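Read the structure below first, then the notes.
Coordinate-derived values only; no laboratory data. A quick note: this is a predicted structure, and the numbers were derived from the prediction, not measured. FYI the Cβ positions are ideal-geometry reconstructions off the backbone, even for glycines, and counts take in every protein chain you see.
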Amino acid sequence: MMKDIATPVRTRAILEKYGFSFKKSLGQNFLIEPNILTRIVDHAEVSEKTGVIEIGPGIGALTEQLARRAKKVVAFEIDQRLLPILKETLSPYDNITVIHQDVLEANLQETIATHFHDCEEIMVVANLPYYVTTPIIMKLLEEKLPLKGIVVMLQKEVADRISANPSTKDYGSLSIAVQYYTEAKTVMTVPKTVFVPQPNVDSAIIRLLVRNEPIVHVEDEKFFFEIVRASFAQRRKTLLNNLVHYLPNGKELKPLIEETLEKIMIDGRRRGESLSIEEFAKVSDALSQVVD
Ligand code: SAM
């Protein structure tokens with residue numbers, strides 16, 4: 001078995017050889033603890049039938065662990081300087097494709113069709129660049145890709161928000177957006193010491209298993225998310241006040257909104273944070289009948 005990339009000694013040697021300097025603006029915090037990488041791959045349950053999309057391979061620490069167990073790995077890396085390094089570090093593996101592209105601009109449907117037609121399942125596995133965690137996760141979910149799941153390292157604070165329950169301080173539109181599409185669970189918290197350079201915040205590994213169908217059926221998905229966003233616009237305000245202030249035409253529609261909430265027996269004096277996803281669906285379906 002090859003020596004792991006992700007040991008402090010080998011990582012330092014690779015970085016020195018190429019004179020590589022970290023770019024904070026690209027969220028470059030590399031993992032130097034092989035045990036953590038093994039845990040990530042374990043939680044993703046990667047096997048010889050899995051096609052894996054990795055975001056931000058860095059110098060290939062997680063990529064090689066994935067390649068040892070997966071059928072194929074496609075890794076998107078934005079930083080041109082890492083390409084020659086990856087070429088060398090990943091040369092022992094023939095099941096990895098590195099694509100030099102900002103993942104937010106990638107056509108992932110096409111990537112999947114091109115690379116994973118012979119895989120039985122597709123997982124996204126990554127140590128995410130923290131400056132774009134939420135846009136990346138939302139892209140993966142909103143594009144309705146045929147994914148089994150997503151297992152990623154991210155800021156602990158974001159993991160807490162994603163897996164939060166109603167009536168807690170962390171519960172908000174991100175919790176609802178992610179739980180709508182997936183079953184979300186924080187599987188592990190991770191100390192700063194396993195990264196170089198060490199990030200300023202604590203980290204966690206989260207596992208999102210994509211549901212066959214969203215957790216609730218809504219008549220109009222776009223409107224559902226508008227309702228959710230409006231309801232959390234000012235956390236201290238009541239549901240009714242937020243809807244009136246933050247829905248387009250909300251002010252004119254106030255009597256109609258009040259009447260509709262009454263009809264479905266949801267008290268407008270409650271705060272948005274107390275509503276379950278099912279209740280938001282009820283509000284959204286009822287209001288979509290009356291609001292244009
Ligand atoms: N996977 C490596 C590891 O665990 O050591 C590196 C993880 S590091 C937290 C994030 C990586 O994502 C960096 O290599 C960075 O250059 C890359 N990156 C940042 N923004 C990106 C983007 N928009 N698209 C693709 N890669 C990105």
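Points to keep in mind about this one:
- Shape class for the stretch 89-163: prolate, because the ratio a/c of the largest to smallest gyration tensor axis (alpha-carbon atoms, square roots of eigenvalues) is 1.5 or more and a/b beats b/c.
- Ordering GLY250, PHE224, ILE205 by the projection of their Cα atoms onto the charge dipole of the chain, which places +1 on the Cβ of Lys and Arg and -1 on the Cβ of Asp and Glu, puts ILE205 at the extreme positive end.
- Sorting VAL46, VAL98 by the number of Cβ atoms found within 10 Å of their own Cβ, with the fewest placed first, yields VAL98, VAL46.
- When the charge dipole of the chain is built from unit charges on Cβ atoms (+1 for Lys and Arg, -1 for Asp and Glu) and taken about the Cα centre, the candidate among LEU31, VAL124, ILE150 whose Cα reaches farthest toward its positive end is LEU31.
- Burial ranking of peptide ranges 186-192, 65-71 (average Cβ count within 10 Å, highest at the top): 65-71, 186-192
- Shape call, the stretch 91-223: gyration tensor on alpha carbons, a/c limit 1.5: oblate
- If R0 is 22 Å, the Cβ-Cβ spacing of GLU88 and THR193 corresponds to a FRET efficiency of close to 0.25.
- In the chain, the longest principal axis of the Cα atoms and the axis of helix 34-43 are about 50 degrees apart.
- Relative contact order (%) - the stretch 76-166, alpha-carbon pairs under 8 angstrom, separation at least six: 27
- Of the three principal axes defined by the Cα atoms of the chain, the extents in descending order read 68, 40, 29 Å.
- Span from the the stretch 75-96 Cα centroid across to the the stretch 213-292 one, whole angstrom: 47
- Kirkwood analysis of the Cα pair distances in the stretch 241-292 returns a hydrodynamic radius of 11.1 Å.
- J(HN,Hα) series, the stretch 191-200, from Karplus relation 6.51 cos²θ - 1.76 cosθ + 1.60, nearest Hz, glycine and proline x: x, 4, 5, 8, 10, 10, x, 6, x, 7
- Three-way shape label, the stretch 37-147, alpha-carbon gyration tensor, a/c 1.5: rounded
- Counted charge near ASN242, where neighbours are those whose Cβ lies closer than 15 Å (Asp, Glu -1; Lys, Arg +1): +4
- Using C-alpha pairs below 8 Å separated by at least 6 residues, the relative contact order for the stretch 1-143 is 27 percent.
- Taking every C-alpha pair closer than 8 Å and separated by at least 6 residues, the mean separation divided by the residue count of the chain gives a relative contact order of 15 percent.
- In terms of packing, defined here as the mean over residues of other Cβ atoms within 10 angstrom, the peptides 107-119, 227-239 line up highest first as 227-239, 107-119.
- Charge tally for ASP202 (other residues, Cβ to Cβ under 11 Å; Lys, Arg +1; Asp, Glu -1): 0.
- As a rough footprinting exposure proxy, the listed residues MET123, MET265 were ranked by other beta carbons within 10 Å of their own, and the order from fewest upward is MET265, MET123.
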